[in-house]
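Remarks on the structure that follows.
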């Protein structure tokens, strides 16, 4: 079942990807922009990070694939952007990249503020040190 | 593999990598520990991330200097969440066993459907139900991720999944 459902959604997605070339760009109201920000914020981190790589670090799609170990980063990006558009009721439209960037920026910066990362001086184990030596560190 | 990677790194890049490692390893460890709450797993996350950075070191040249630290922190967080999800898959909660077995039996029954039947049945689902299945099966989100996205509890996410599968099964039976 797992594979069948995956296959079903894969076929549906590929069809949508082809159709998307004809989609118009939609501009959002402020209320919709706020919803978009919330939806991005609720995404799992491994999905959000794809948007961060594209919109915060301006990475090319091919580089996003390398750094995040993704087979088809362009498809992943389309999936996420289409998911977000559909959350706003615009399944057959493309979101404006400028507005998406603004929303991703807000989520990313909010996350930076909330992160509260401490520098922890830690005694690293032998396995860790061995791996680091193996990459020349 | 690693030796091959090292050969590709110039002396300047090696020095930059060492500088990055010295400057960021403790911060990256801290970021990972915030997510994983386990020092061994956090060490794994840091080492995996540095392997990835060393393999793709040339990509860091494209990142503005003032964004490199945040770029590395983003990478360590991503790796930490990956480990977190792997770990979670390995340790299902005991009190959810009943739900798991019910889900499994629904999935078993639905295995007999072919793709064409499935196409027909999917049309009977509501948009939100289809979206739930798409995120679960196509994007392989965990129940925790689904619950965060839909703003429901993890238990409700499991029940919703089970209910949608049951609906598909019942529709399948109706259609013979």
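Bear in mind that the values in this text are calculations on the coordinates, not laboratory data. All values derive from a computational prediction rather than experimental measurement. Note that we place each Cβ from the backbone using ideal geometry, even for glycine, and neighbour counts take in every protein chain shown.
For chain A, adding -39500 (n - 2.57) for each run of n ≥ 4 DSSP H residues and dividing by the number of residues yields -21500 deg cm²/dmol at 222 nm. If you take the Cα centroid of region B:113-160 and the Cα centroid of region A:107-137, the two points sit 35 Å apart. Show log10 I(q)/I(0) for region B:15-83 at q = 0.13, 0.20 Å⁻¹, two decimals, from a solvent-free Debye sum over equal Cα scatterers. With no solvent term, the Cα-only Debye profile gives -0.31, -0.74.
This ranking places A:124, A:55 by how few other beta-carbon atoms lie within 10 Å of each, fewest first, which gives A:124, A:55. Between the Cα long axis of helix A:2-19 and the first principal axis of chain A there is an angle of about 60°, rounded to the nearest 10.
Helix A:73-87 against the longest principal axis of chain A: what's the angle in degrees, Cα atoms only, rounded to the nearest 10? With rounding to tens, the tilt is 50 degrees. For region A:9-128, the Kirkwood hydrodynamic radius comes to 15.8 Å, computed from all pairs of different C-alpha atoms.
FRET efficiency for the pair residue B:22 and residue B:88, taken as 1/(1 + (r/R0)^6) with r the Cβ-Cβ distance and R0 = 35 Å, rounds to 0.60. Projected over every direction and averaged, the convex hull enclosing the alpha-carbon atoms of region A:21-86 yields 4.9 nm².
Report relative contact order for chain A in percent, whole number only (criteria: Cα-Cα under 8 Å, sequence separation at least 6). In percent, rounded to a whole number, it is 32.
Here the average projected area of the convex hull drawn through the C-alpha atoms of the protein assembly as shown stands at 18.2 nm². Summary of the geometry: region A:27-65 and region A:79-94, compared by the centres of their Cα atoms, lie 12 Å apart.
Please give the FRET efficiency for residue B:70 paired with residue B:163, using the beta carbon to beta carbon distance and R0 = 41 Å, rounded to the nearest 0.05. The computed FRET efficiency comes out at 0.50.
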